[in-house]
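Data first, discussion second: the structure below is written as C-alpha cells.
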Amino acid sequence: MTSPAAPADPAHGTGDGPPWDAVPCPLLLVGAEGTVLRANGGALALLPAVVPGRPLRATAPDWLISAHRHLTGRPRGVTPGDGDIVCGPVGGRTVRATPTPGPDGGVTWWLADDSDDRHLADALRHERDRTAFLTELSNRLLASLNLDRCMEATAWLAATHMADGVTVIASTTDRTHHVTHCVRGGEPERRALSLDLDALPELGLALSGHPPSARGIDPAALPARLLPPGMGPVGSVRLTPLPGHGRSAGVMLLLGGPDRDVHGEQERERDDVTLRLFAARAGAAMSAARLYAEQAAITATLTRDLLPPHAPRLEGVELATGYRPSGDTERIGGDFYDVHPGSADVPEPLVVLGDVSGKGLDAAVLTGKIRTTLHALIPVAPDHRRLLDLLNGALLDTTGDRFATLVLASVGHDGPALRLRLTSAGHPPPLVLRTDGTVETVATSGTLLGVLPHAEARTAAVRLAPGDACLLHTDGITEARGGPTADEFFGEERLRAVLAECAGLPAEAVAERVQMVVAQWLGSGRHDDIALAVLRAPAAPRPGRAAPP
Amino acid sequence: MTPARQPGDWADALWDAVRAGDGSAATGVALAALESGLGPEDVLLDVVGEVQRRVGQAWVDNRVGITDEHAATAIDSRVIDALLAHPAVTLPEPTHGRVTVACVDGEWHALPARLLVEVLRLRGWQVDDLGPQVPVARLLEHLHRTGPALVALSASFSTRLPAAHEAILACQDAGTPVLVGGPAFGPGGGYARLFGADLWCPDARAAAERLCRGHLPRPAPGRQAVDDLPHLADEEYAHVTLRAARLVRAATAPGDGVPSAQRTATLVDFLATALYTDDDALFSGHLAWSAHILATHGEPATGLPAALDALAAELRDLPRARRVLAAGRAALAADVPPPP
C-alpha cells in the first residue's frame, strides 16, 4: 500500500483538494521533517489543534507525537505492523491512528474515532467480568450448607473483588453475633461478638432488614471491633443488607482504605447492580445454610438416643461392637445393640442385640422404644423369659404390624472364664468360637416379639474359657448379597469360616475381621443394616514373654 | 541405670509384644516409653506407628496373615487408648480450629487415621474422627453440619483410589480443602497430585506440622473427575466396574489352576483402578506381587496368565484395558520382582 495522493508540492498542503476530502477517512500526512503537510476535513474535525504547515509536535496530542517519533526513528524499510497502531484520548473521545509510511520518509496517519467501539468493548468486558464474578460467587456460596463457611466465602469474595476489607455479620436471635472478617489478600477470620445494637441503630436496622439497599455510613461511627484485624485506616464504609428467604440473613460492611471511596466511584451505578446481586445471593446462601443447621440440630437432638452406644468397659470381659446402617447418609437404622453394665441389684451385665422389621428412621424409632423399655425392665433381666414376655406385651400394644427379633446375653464370671446365658427371640443364634478354631451354634431359640400374645424362648448356658469368644449378629451379615459374582448371600457357612480363622484374636480384631470380610463381600452393593457384638473371655496372660526393654 | 533408649528400641519391644499377641505387655511397653520421658506424640508415631508400619510390611511380604494384622491392630488400638488415659498425657484446650479425619469409603485400615487424630488433638486441634470406610454422602453431611477448616483423608489400599478421588472432589466442591495421606497415594504422593488434592503429607507428623503452619488452600468448586483424568471420557473404567461380576466369572472359567474367585475379584479391582489412574504399573505391580504370594504358598502361578487372557478376550473392545492387560502379561513373563 502506498500513501494516498502523496503531495507533489508541499505548498499545496492545505489539504482541501478534492481527492483528500473525498477519502471517507480522516487522514493526516506528516512530512519526513515532522511538518504536517496535509490534513483532510475529517482529520481536522478530530484533531482541531492541528494546522497544516506547522510541526506535528506543536499541535497534535502527545501520544500521537510519540508514536510518530517512534515510527520515523527506526530504519527505513521496516514494514509497520499492528503494533504501530496507537490509540489515545482527544478531548473526551478516543482516537485510533494507523500509520502508512511513504517512500519519501513521510507518514500518512489514518485516523478513526474509536470512542463508541471502545465504550462497547469496555461494557462487554465489564459484563463478562461481572458474569465471571457472579458465577464464581454462586459456585463458592452454593458449595457449602454450613453458615460459617458461607460467611467466610462471602467475606473472602467481597474482599477479593469489591473492597479493601469486609465484615459480615449474621442475623441472630440472641445478643451474640457471629462475625466473619476478611481483608484483601488475607484469610477470613471468625469471631463471636456481643453487639449493643441500641448504640448502633443503623446496623440494628440493617440486621432486621431495613433499609433494603446499600448505603454509606460514617466510618467514625463504627466500633473498632467491627473492623477486620489488620485493617488499616478506614476511609469509607458501605453498609449492605444481605436479604435471605423472607428474613434478613445478616449485613455486610464493605470497607475502603483512605484512598479508596467504596461508594463514590464513577462506576457506582453499575457496581450497585453487581453489589445487589452479590448481596442477594450471599444472603440466600446464608439463609439456606441457617435452615440446614436448624434442621440438622433438630435431627441430631431427636436421633441422639437412637445412635448405637459406645460400648462401656466391662470388668473381665472383652467387648467389641460394630454397626453399619443400610443408608450411606444415615447413622441410625433398624438394627441395634445395647450394653447394660450391671448394678448392685442386677450384678450381671446384659448385652442386647436385635433387629426391627423395616429400615431407616421408622425402624430406628422402634429400636429406641425397645431400648428404653429394656432399660426399664433391667430389674427382671436375670429371668430372660420374663423379660422377653414383658417386652413382647409392651410391643404388642404399640407397634402396629412391626415386629422385632433380638438376642440377650447375661454375662457371669467363673474365675477367668465367662458363663453366658443366651436367649434368642426369633433371632439368628449366637456363634461361639473356641481357641482351637471350633465354631459352635448356641442352642437357643424363641418367638419373635410384637406378634404373638406370649413370647416363648429357650435359654442356653455357655461357658467361655479364656480366649473363647461369642458372636451376636443380625441377619444383615448372613444375608449380605455380593461376592465375586455379586449375587450370592454371604451365608452362615462363610461366617463360620471367617470366625474359625479368628481363633485366639482379641474381640476387637474378631469384630473388625467379620465386618471387613462382609464389607468386601458386599462391594458397592446395597445392603441391610448390620450389627454385631463380640464377647470374649480375656486370654490368660503369658508371663515371661515380651517384657519391656 | 540403662542408657536412654531410642524410640526404635521401644518399637522393637512393642513389636515383640504385638507379635506374641500379648496386649498387656504391649501396653506396658508403651507406658514405659512414655514414663521414660518420650513425648506422647513420639510414642504414638515412632513407637506405635512404627510397629504398625512393620505389621503392614510383614503382611505385604506375606510373613503374617490377615488375621494377625487384625490382631496387631486391635492391640495397637488398646495401646493408644491406654497411652491417652495416662495421667501424664493431657489434651490442651483446642485453640487451632476444627478438622475432620476420615478413611475413604471401603478403607478399613483405620489406625493411620487414628494416629493423626490423636496427634492433632495433642497439638490443640478439635478433631472429628469419622473412622474407617466413610461413604462420601456421610462425609459431606458431616462437612455441611460442622464446617471444618480441613478434611484429612486416609487411604491405604490402592483399589480405594477411585473412592479417594470422589471424596476429594466432593469435599473441595463443598469449599473444604483436603489433605490426603496413606500408602495408596504412592510413596511420593503422585496420586494425590493427580487427583488435585490440596495437600499431601508422607506421615502424621508432617501433616500436623503442615496444618499448624496455617494458610490452608482454598479449593475452587466445580471440578469433576474427568477434568483431572481426561482419559475417563472413554468410559473404560465405568465399563469394567459395572461388568466386574461377569469378568470374574469369565476369568475363573478356564478351570484348573486359575486363582480363586476372591483373588480374581481383587485382580479385576486392580484392573479397574489401573484404568482409572491410567497407570499400567499399578496393575503390573499387583500381578507381580500376586505371583510372589502364590509362589510362597507353593501354588503355581500358571493360572494368572490364563485369567489375564480370559479378561483380555472379554474386554477386546477396550483399547486401554487391552494395553494394561498386555503390560501385566509382560510383567508376569519377565518375572519382575514385586515392588518393595
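The values are calculated or read from the model by the stated rules, or taken from the named source; none is laboratory data. On a predicted model such as this, the values are computed, not experimentally measured, just so you know. Neighbour counts are summed over all protein chains in view; Cβ atoms, including those assigned to glycine, are modelled from backbone coordinates with ideal geometry.
Checking each residue in the range A:465-519 for being in a helix (DSSP H, G or I), within 13 Å of another protein chain (Cβ to nearest Cβ) and touching an Asp or Glu at 6+ places or on another chain (Cβ under 7 Å) picks out only A:Ala507.
Select from the range B:124-140 the residues that are within 7 Å of chain A (Cβ to nearest Cβ) and in contact with a Lys or Arg (Cβ under 9 Å, 6 or more places away or on another chain) and write down the one among them that is farthest from A:Gly322 (Cα to Cα). Within the range B:124-140, the match that is farthest from A:Gly322 (Cα to Cα) is B:Arg138. Taking the range A:355-383 on its own, how many of its residues are assigned to a helix (DSSP H, G or I) and basic (Lys, Arg)? Residues meeting the conditions: 2. Might you let me know whether the range A:384-398 holds any residue that is part of a loop (DSSP other than H, G, I, E, B), at pLDDT below 95 and over 22 Å from A:Leu505 (Cβ atoms)? There is no residue in the range A:384-398 that is part of a loop (DSSP other than H, G, I, E, B), at pLDDT below 95 and over 22 Å from A:Leu505 (Cβ atoms). In this entry, A:Cys182 passes the filter for residues that are surrounded by 20 or more Cβ atoms within 10 Å (Cβ to Cβ), more than 16 Å from the chain's Cα centre (by Cα) and within 12 Å of chain B (Cβ to nearest Cβ). Only residues that are surrounded by fewer than 19 Cβ atoms within 10 Å (Cβ to Cβ) and more than 21 Å from A:Tyr292 (Cβ to Cβ) were counted in the range B:127-142, giving 2.
Answer with yes or no whether A:Thr167 is crowded, with 23+ Cβ neighbours inside 10 Å, part of a strand (DSSP E or B) and either assigned by TED's automatic domain parsing to the domain that holds A:Glu294 or at pLDDT below 90 (or both).
So A:Thr167 passes the test.
Among all residues of the range B:297-306, there is none that is surrounded by 13 or more Cβ atoms within 10 Å (Cβ to Cβ), under 26 Å from the mean Cα position of the chain (by Cα) and modelled with pLDDT of 90 or more.
Looking at B:Glu35, is it more than 24 Å from the chain's Cα centre (by Cα), at pLDDT 90 or above and outside the structural domain of B:Trp289 (by TED's automatic domain parsing)? Here the answer is yes, as B:Glu35 does meet what is asked. For the range A:346-354, the criterion of being crowded, with 21+ Cβ neighbours inside 10 Å, out of contact with any helix residue (DSSP H, G or I) (no Cβ under 6 Å at 6 or more places or on another chain) and part of a loop (DSSP other than H, G, I, E, B) is met by at least one residue.
On the given criteria, is B:Arg193 within 14 Å of chain A (Cβ to nearest Cβ) and of a type in the set (D, E, K, R)? Full working, then the answer.
Details: within 14 Å of chain A (Cβ to nearest Cβ): no; of a type in the set (D, E, K, R): yes.
The answer is no for B:Arg193.
All conditions but one from (1) crowded, with 17+ Cβ neighbours inside 10 Å; (2) farther than 16 Å from A:Leu29 by Cα; (3) hydroxyl-bearing (Ser, Thr, Tyr) apply to A:Thr100; the one that does not is (2). Out of all the residues in the range B:159-179, is one or more in a helix (DSSP H, G or I) and of a type in the set (Val, Ile, Thr)? Checked against the condition, which is being in a helix (DSSP H, G or I) and of a type in the set (Val, Ile, Thr), the range B:159-179 yields at least one hit.
Scoring B:Asn62 on the criteria (1) assigned to a helix (DSSP H, G or I); (2) on the phi > 0 side of the Ramachandran plot leaves a single failure, condition (1).
The condition (being closer than 30 Å to B:Arg218 by Cβ and either aliphatic (A, V, I, L, M) or loosely packed, with under 13 Cβ neighbours inside 10 Å (or both)) is satisfied by just one residue among A:Arg140, A:Arg130, A:Arg125: A:Arg125. Looking across the range B:68-93, the residues that are polar (S, T, N, Q) and at the interface with chain A (Cβ under 10 Å from one of its Cβ atoms) come down to B:Thr73, B:Ser77. Scanning the range B:114-154 for residues that are in a helix (DSSP H, G or I) and in contact (Cβ under 8 Å) with a residue 60 or more places away in the chain turns up B:Leu115, B:Leu116, B:Glu118, B:Val119, B:Leu120, B:Leu122. When residues in the range B:49-99 are screened for being under 18 Å from the mean Cα position of the chain (by Cα), touching a residue at least 40 places away in the same chain (Cβ under 8 Å) and under 14 Å from B:Val117 (Cα atoms), 1 of them pass.
A quick yes/no check of all residues on (1) touching a residue at least 24 places away in the same chain (Cβ under 8 Å); (2) assigned by TED's automatic domain parsing to the domain that holds A:Ser424; (3) within 30 Å of B:Val136 (Cβ to Cβ); (4) under 30 Å from the mean Cα position of the chain (by Cα):
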| site | (1), (2), (3), (4) |
| --- | --- |
| A:Glu315 | no, yes, no, no |
| A:Tyr323 | yes, yes, yes, yes |
| A:Glu330 | yes, yes, yes, yes |
| A:Asp335 | yes, yes, yes, no |
| A:His340 | yes, yes, no, no |
| A:Pro347 | no, yes, no, no |
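Assigned by TED's automatic domain parsing to the domain that holds A:Glu202, surrounded by 18 or more Cβ atoms within 10 Å (Cβ to Cβ) and modelled with pLDDT of 90 or more, is that true of A:Phe278? Yes; evaluated as a whole, the condition is true for this residue.
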